[in-house]
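Let me begin by presenting the structure, written as structure tokens, before commenting on it.
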Amino acid sequence: MKKNTKLFFLFAVLVFVDQTTKHLSTNAICNKNIAWNIQLPPAIFYLVWLLIIVTLVCLFVKTKFYFQQFFIVLVFSGAISNMIDRVRLGCVIDYIDLKFWPVFNLADVYITFGVIMLVINLIKNKSREVTR
């Protein structure tokens, strides 16, 4: 199986798992705002979201490193799954409540982990280029 086919399959599975867990959750809340309850006018939100998606797609196509593509797929999966909620329900379904942190969902975990790992990977690759 080609690597892009595997990554597309991963994307589909991640979105499916997030959407399923949101649907099955018994303690879900409807979050109309963005991260940490920040309010943005809808036009600004959708413009920023579109710019992020276009940037992710460009990064995915541009990079030749599988791990970078993998981390981009994580971020993209979370963003698309949360956007499915927002378009379908007018809000994002959050259900993981640790009591000491704002309530979040699995898509938020994908995004956070993907961004952190992508940044670490990019920094690591840049430092290798400098030392060569």
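What the table shows:
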read-out: Positive-end extreme of charge dipole, the chain - chosen from F65, I29, V119 (charges on Cβ); value: F65
read-out: Simple Cβ-charge dipole of segment 3-131, Lys/Arg +1 and Asp/Glu -1, about Cα centre, in debye nearest 20; value: 440 debye
read-out: Matching label, mean projected area of the Cα convex hull in nm² computed from the structure shown, candidates (1) 10.2; (2) 21.8; (3) 9.7; value: (3)
read-out: Part-to-part distance (alpha-carbon centres) for segment 1-53 and segment 62-80, which is given in Å; value: 14 Å
read-out: Ordering of 23-35, 79-91 by packing [mean C-beta count within 10 Å, highest first]; value: 79-91, 23-35
read-out: The chain - Cys residues lacking any other Cys C-beta under 4.7 Å; value: C58
read-out: Residues K3 and I34, FRET efficiency given R0 of 30 Å [Cβ-Cβ distance, rounded to 0.05]; value: 0.40
read-out: Helix 106-131 axis, angle to the chain major axis (alpha carbon atoms, nearest 10°); value: 20 degrees
read-out: Sorted by Cβ neighbour density within 10 Å, fewest at the top, the residues Y95, Y110, Y66; value: Y66, Y95, Y110
read-out: Packing-based order for 70-78, 8-16, using average beta carbon neighbours within 10 Å, highest first; value: 70-78, 8-16
read-out: Theoretical ellipticity at 222 nm over the chain - DSSP helices of four or more residues, -39500 (n - 2.57) apiece, nearest 500; value: -25000 deg cm²/dmol
read-out: Full-stretch length increase - L24, I44 - with 0.36 nm per residue and alpha-carbon distance subtracted; value: 4.1 nm
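Only the coordinates and a few stated rules stand behind these numbers; no lab work does. The structure presented is a predicted model; accordingly, all values stated were derived computationally and were not measured. Quick reminder, even Gly has a Cβ in these numbers, built from the backbone with ideal geometry, and neighbours come from all protein chains shown.
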